[in-house]
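Take a look at the structure below.
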Amino acid sequence: MSKSLDELLVERAKRGDVEAFEQLISQHEKTVYNIAYRLTGNHEDASDIAQEAFIRAYSSLADFRGDSSFATWLYRIVNNACLDELRRRKRQKVTYLDQSVEMEDGEVSRQVADTADGPEQALERVELQRAVQESILQLDEEYRVVLVMRELQGYSYNEIAEALHLNLGTVKSRLNRARGALKEKFMSLELLSSSVVCRPRRGKAHEL
Amino acid sequence: MNCDGVRPLLSAYIDQELSGGELLRVEQHLRRCHWCAAEVDALRQTVALVASLDEVEVPATFRAQLHERLVAQDPPIARARRAAQGRSRVPSFRRWAIPAAAAAAFVIGVAGLSRFAPPAAQVEPPPGESVAVVPEPHVGMDEVPGQPLPPDTSDIAEPAHHPVNGSEVQPPSGPGGKVDQSDVPPTGQPEPGAVAAGPTDPPPAFGDEGPATEPPPVGPTGSGTGVTTASVSQETGEQPPLPPQPQFSAMAEVTVADPAAEAGRLAERLSEWSVQQNGRGGTVELQIFVPAEDFREAVARVDSELAAYGFRLAVQEKDVASQLAETEERITELEAARDALSARLEGEADQDRLEEGLQELAKIRQQLDTERTNYENLREAVENSVIVLTIKPGPTE
């Protein structure tokens, strides 16, 4: 009988209540933006894509039937918007990160939120985050999307499968390969603790 | 099961997404294979590293930009509805244009610029009267320094334009320096798109008080007193001293025979900074935007220019640290209130109370947006100083 907050807002937004859609934006903008940011690696693209996603959601709201939750539906749109952009980008061979560390006067941009750290730790932290983000960006889009949804948004395999219209096996194997490739990358960057010894892999390298 | 069979399952294993049979076999294998056990460890570390990425904040400009783009959309829902029901008046994102425009205008106010603007009557005389206000150009022209630049200013390599408060600052006018008065916007330029949708649209239904249309007085008020620091601090004594966050400004009033010509000349000489000219009729206002670290140098430069006219800049320094801290505090409080209310509403079964809660939530969000804009603006004001020269027509000494 009772409806969830999102359901109620969607219902109203469908009736043309812009304020309700505005509230939906408020509810979800942070997640949407973060997905976009981690998939693109810079704020400009993240803003573009996140906005694009909300615009797409707004224009196709009438098609949303409530088969999945609004969040799942919306995140699928975000992912699609990201994939479109990333594929377009790939054709143009442009990928860049925010140059956050190089900014003047010690300003390390929005990537560092933790002000409890001293400046050195903060910088170290920024560099680590940057290395991790860069490694993620080296994954192919299909793997990147799955990884971000799982690791950063905490989605279950089922939810990822639903959002991306993939079968469960594909989600599992993509995640496995994404993690494998990242692990290799992190090891080469010496980001993993040295006690870990891995047998050299046979066969072809983990390239995605 | 051998290593090759186990490896592809390890990712799902650490997520506990293996089926019973698979799980058993993997666990058995891991007990005797330290290679694969190490692989599990490495994967766990990998996952932890990725998960350690900070959540990024949505930029303060995000919402306003999204509004603009949504406003540009013909609302499909409304369109469909209109077709279906023949309604003429439908809500659309055009109504959002007001808060976006208000936010943009507010940006300017907070940065400490509005205080320097001459009163509207002075800036914008009715078109027909403007000629009468313009002073005769021949008075005292010989007292004005000539065109050749002083040697220390002629080697300026890169004119830097610092966008202030998110809106592009008007670049200095070209050689000759005549102020094209018809093109100069009065006191700062709000984001063009934000106002594009037109101020004639009805105000949005954001609630009765509409915080967007009534920004709190964070910006400087009154004359000459600079930033008004709100004197709210509930828990004094416990708070550690705040690092200073100086906001620099400097101003001078200059009386010359031909303000427009002088403004143009000055603007050109100071063109390594971002210079904006405002004003119509007699008085011209020059706003020079300087990165905070260049402020002293800029003041010295401007003073050396002004020396020729016999004027000096009055420098003001305001510490906005406490204002920043208070804004931050209010943001935290509002976020907590929003989260608490959101959480409560998720489980709210009573539709009436849900409605009520939604209204409340919308208000909180609106306040939160305002405070966030405040915060950004304060930061902006700390990072960019402004030097304001009010150049008035009058007899020179």
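If the requirement is being in a loop (DSSP other than H, G, I, E, B) and either among the aromatic types (F, W, Y) or outside the structural domain of B:P246 (by TED's automatic domain parsing) (or both), which of these qualifies: B:E355, B:E348? It would help to see each step written out before you state the result.
Values: B:E355 fails: in a loop (DSSP other than H, G, I, E, B).
Of B:E355, B:E348, the one residue that is in a loop (DSSP other than H, G, I, E, B) and either among the aromatic types (F, W, Y) or outside the structural domain of B:P246 (by TED's automatic domain parsing) (or both) is B:E348.
Check the stretch B:340-354 and report whether any residue there is under 29 Å from the mean Cα position of the chain (by Cα), within 12 Å of another protein chain (Cβ to nearest Cβ) and at pLDDT 85 or above. Among the residues of the stretch B:340-354, at least one is under 29 Å from the mean Cα position of the chain (by Cα), within 12 Å of another protein chain (Cβ to nearest Cβ) and at pLDDT 85 or above, which makes the answer yes. One residue alone among A:G203, A:G154 is closer than 22 Å to A:R76 by Cα and modelled with pLDDT under 90, and that residue is A:G154.
Could you please let me know if A:R179 is at the interface with chain B (Cβ under 7 Å from one of its Cβ atoms) and not β-branched (V, I, T)? Here the answer is yes, as A:R179 does meet what is asked.
Working only within the stretch B:334-363, note down all residues that are without any contact (Cβ under 8 Å) to a residue 60 or more places away in the chain and either basic (K, R) or within 16 Å of A:E29 (Cα to Cα) (or both). Let's see the steps before the verdict.
So in the stretch B:334-363, the residues without any contact (Cβ under 8 Å) to a residue 60 or more places away in the chain come out as B:334-358, B:360-361.
Those that are without any contact (Cβ under 8 Å) to a residue 60 or more places away in the chain and either basic (K, R) or within 16 Å of A:E29 (Cα to Cα) (or both): B:E335, B:R338, B:D339, B:S342, B:R344, B:R353, B:L361.
The residue that is nearest to B:P244 (Cα to Cα), among those in the stretch B:311-333 that are hydrophobic (A, V, I, L, M, F, W, C) and over 20 Å from the mean Cα position of the chain (by Cα), is B:V315.
Results for (1) facing chain A (nearest Cβ under 10 Å); (2) touching a residue at least 40 places away in the same chain (Cβ under 8 Å); (3) in a helix (DSSP H, G or I), shown as yes or no for each residue.
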| site | (1), (2), (3) |
| --- | --- |
| B:E328 | no, yes, yes |
| B:T332 | no, no, yes |
| B:T373 | no, yes, yes |
| B:S385 | no, yes, no |
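Answer yes or no: is there a residue in the stretch B:286-299 that is under 30 Å from B:A257 (Cα atoms), of a type in the set (V, I, T), more than 10 Å from every other protein chain (Cβ to nearest Cβ) and touching a helix residue (DSSP H, G or I) at 6+ places or on another chain (Cβ under 8 Å). Yes, some residue in the stretch B:286-299 is under 30 Å from B:A257 (Cα atoms), of a type in the set (V, I, T), more than 10 Å from every other protein chain (Cβ to nearest Cβ) and touching a helix residue (DSSP H, G or I) at 6+ places or on another chain (Cβ under 8 Å). Checked against the criteria, B:E39 counts as surrounded by 18 or more Cβ atoms within 10 Å (Cβ to Cβ), facing chain A (nearest Cβ under 7 Å) and modelled with pLDDT of 90 or more.
Suppose we filter A:A131, A:A178 for residues that are over 16 Å from B:Y13 (Cβ atoms) and assigned to a helix (DSSP H, G or I); which single one remains?
On the way: A:A178 fails: over 16 Å from B:Y13 (Cβ atoms).
Residue meeting the stated conditions: A:A131.
Within the stretch B:42-66, the only residue that satisfies the criterion of being buried (at least 21 other Cβ atoms within 10 Å of the Cβ), touching a residue at least 60 places away in the same chain (Cβ under 8 Å) and within 10 Å of chain A (Cβ to nearest Cβ) is B:R63.
The numbered conditions (1) part of a loop (DSSP other than H, G, I, E, B); (2) surrounded by 17 or more Cβ atoms within 10 Å (Cβ to Cβ); (3) within 12 Å of another protein chain (Cβ to nearest Cβ); (4) of a type outside the set (V, I, T) are all true for A:L166 except (3). Name the single residue, out of those in the stretch A:47-62 being in a helix (DSSP H, G or I), at the interface with chain B (Cβ under 10 Å from one of its Cβ atoms) and over 22 Å from A:L152 (Cα atoms), that is farthest from the chain's Cα centre (by Cα). Restricting to residues being in a helix (DSSP H, G or I), at the interface with chain B (Cβ under 10 Å from one of its Cβ atoms) and over 22 Å from A:L152 (Cα atoms), the top hit is A:A62. When you look at A:V126, is it surrounded by 19 or more Cβ atoms within 10 Å (Cβ to Cβ) and modelled with pLDDT of 90 or more, yes or no? So A:V126 fails the test.
Of the numbered criteria (1) in contact (Cβ under 8 Å) with a residue 12 or more places away in the chain; (2) under 21 Å from A:H28 (Cα atoms); (3) out of contact with any Pro (no Cβ under 9 Å at 6 or more places or on another chain), the one B:R379 fails is (2).
For the stretch A:5-46, residues that are at the interface with chain B (Cβ under 7 Å from one of its Cβ atoms) and surrounded by fewer than 19 Cβ atoms within 10 Å (Cβ to Cβ) total 4. Remark: A:V146 matches the filter, which requires a residue to be crowded, with 22+ Cβ neighbours inside 10 Å, more than 10 Å from chain B (Cβ to nearest Cβ) and either at pLDDT 85 or above or not in a loop (DSSP other than H, G, I, E, B) (or both).
Quickly run through the stretch B:1-25 and pick out the residues that are closer than 18 Å to A:R177 by Cα, more than 10 Å from every other protein chain (Cβ to nearest Cβ) and of a type in the set (A, V, I, L, M, F, W, C). Matches in the stretch B:1-25: B:V6 only. Check whether at least one residue in the stretch B:346-353 is of a type in the set (A, V, I, L, M, F, W, C) and either under 30 Å from B:A260 (Cα atoms) or surrounded by 16 or more Cβ atoms within 10 Å (Cβ to Cβ) (or both), and report yes or no. No, because not a single residue in the stretch B:346-353 is of a type in the set (A, V, I, L, M, F, W, C) and either under 30 Å from B:A260 (Cα atoms) or surrounded by 16 or more Cβ atoms within 10 Å (Cβ to Cβ) (or both).
The values are calculated or read from the model by the stated rules, or taken from the named source; none is laboratory data. The structure presented is a predicted model; accordingly, all values stated were derived computationally and were not measured. All Cβ positions, even for glycine, are placed from backbone atoms using ideal geometry, and neighbour counts span all protein chains on display.
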